[in-house]
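One structure, pasted below without further comment.
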Amino acid sequence: MRRALACLTLVGLTATPLMAQDVDHGRALFQTHCATCHGADAKGQGPLAGALVLQPVDLTALSTRNGGDFPLERVLKRIDGTDPLVSHGSPMPVYGPYFEGVANTPMKLPSGQPILVPEPIADLVGYLQSVQGVE
């Protein structure tokens, strides 16, 4: 009986989904940290877009431009700064220190490989995934 209980507990702990982002928190983060360049609707027309060397892309079309698949790994690297953009005048994102932290939120890459990222990044990515294909 004790062994069965231990197995059920283990199954319950491992059954947690790997994509448990808080989309509402991600939306709030986007509005605070990203909308000035990418626009409140994430379509690339924020009030500061004209001041950038490279114009922001329509973030609601990331999947469309990637053959129907959300480019998770590329988006994570842009947000965490490991794939910086020169259009910001500094490594992407401008608010990088806010998004740094303990990488304790699991996500799964399209390859199936799990990856741990800071919770704010997971939430922001969850929001971006939720707006794909928004007209």
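Full-extension gain between Ala40 and Leu116, please, as 0.36 nm times their residue separation minus the C-alpha to C-alpha distance.
Taking 0.36 nm per residue and subtracting the Cα distance, the gain is 24.6 nm.
Continuing with this model, one more query. Between Leu109 and Arg74, what length comes free when the chain is fully extended (0.36 nm per residue of separation minus the Cα-Cα distance, one decimal in nm)?
11.6 nm
The numbers here are math on the coordinates, done by the rules we state, and not lab data. The shown structure was predicted, so the numbers you read here are calculated from the model rather than taken from an experiment.
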